[in-house]
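Single-structure report; data block below.
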Amino acid sequence: MLEVGEDAVALSAAGSTFEFAPEAEAVLRPLVDGRTVYLAALAETDGLDVEDVAGLVQEPVAGQAATVGSLL
């Protein structure tokens, strides 16, 4: 679940809640919707570098609330 407030975006999943800056909604929304998305596509959505997006999703991945896969 993604809750959007004025000061933060809260991602609740796998029994944990992760807080982000409001600008993170554009990156997190596709993940919450259950879509499989390339990090590069998420970066383009918000005009970020892939490294920035990877850093943003690192916390929910570490908390086992999201997964990162490979198509190789």
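The values are calculated or read from the model by the stated rules, or taken from the named source; none is laboratory data. Predicted model, so just to flag it, every value in this text is computed and none were measured. Here the Cβ positions follow ideal geometry from the backbone for every residue, glycine too, while neighbour counts run over all protein chains shown.
Please go through region 34-51 and pick out each residue that is within 23 Å of Ala14 (Cβ to Cβ), surrounded by 13 or more Cβ atoms within 10 Å (Cβ to Cβ) and not β-branched (Val, Ile, Thr).
Leu39, Leu42
Which residues, counting only those in region 1-11, are part of a strand (DSSP E or B), in contact with a Leu (Cβ under 9 Å, 6 or more places away or on another chain) and loosely packed, with under 14 Cβ neighbours inside 10 Å?
Residue satisfying the conditions is Glu3 alone.
Could you list, in sequence order, all residues of region 9-31 that are among the hydrophobic types (A, V, I, L, M, F, W, C) and either under 8 Å from the mean Cα position of the chain (by Cα) or at pLDDT 85 or above (or both)?
Of everything in region 9-31, those that are among the hydrophobic types (A, V, I, L, M, F, W, C) and either under 8 Å from the mean Cα position of the chain (by Cα) or at pLDDT 85 or above (or both) turn out to be Val9, Ala10, Leu11, Phe18, Phe20, Ala21, Ala24, Ala26, Val27, Leu28, Leu31.
So, Val27, is that one of a type in the set (A, V, I, L, M, F, W, C) and assigned to a loop (DSSP other than H, G, I, E, B) or not?
No, not satisfied.
Looking at Thr17 and the list (1) of a type in the set (Val, Ile, Thr); (2) out of contact with any Pro (no Cβ under 7 Å at 6 or more places or on another chain); (3) part of a loop (DSSP other than H, G, I, E, B), which single condition is not satisfied?
Condition not satisfied by Thr17: (3).
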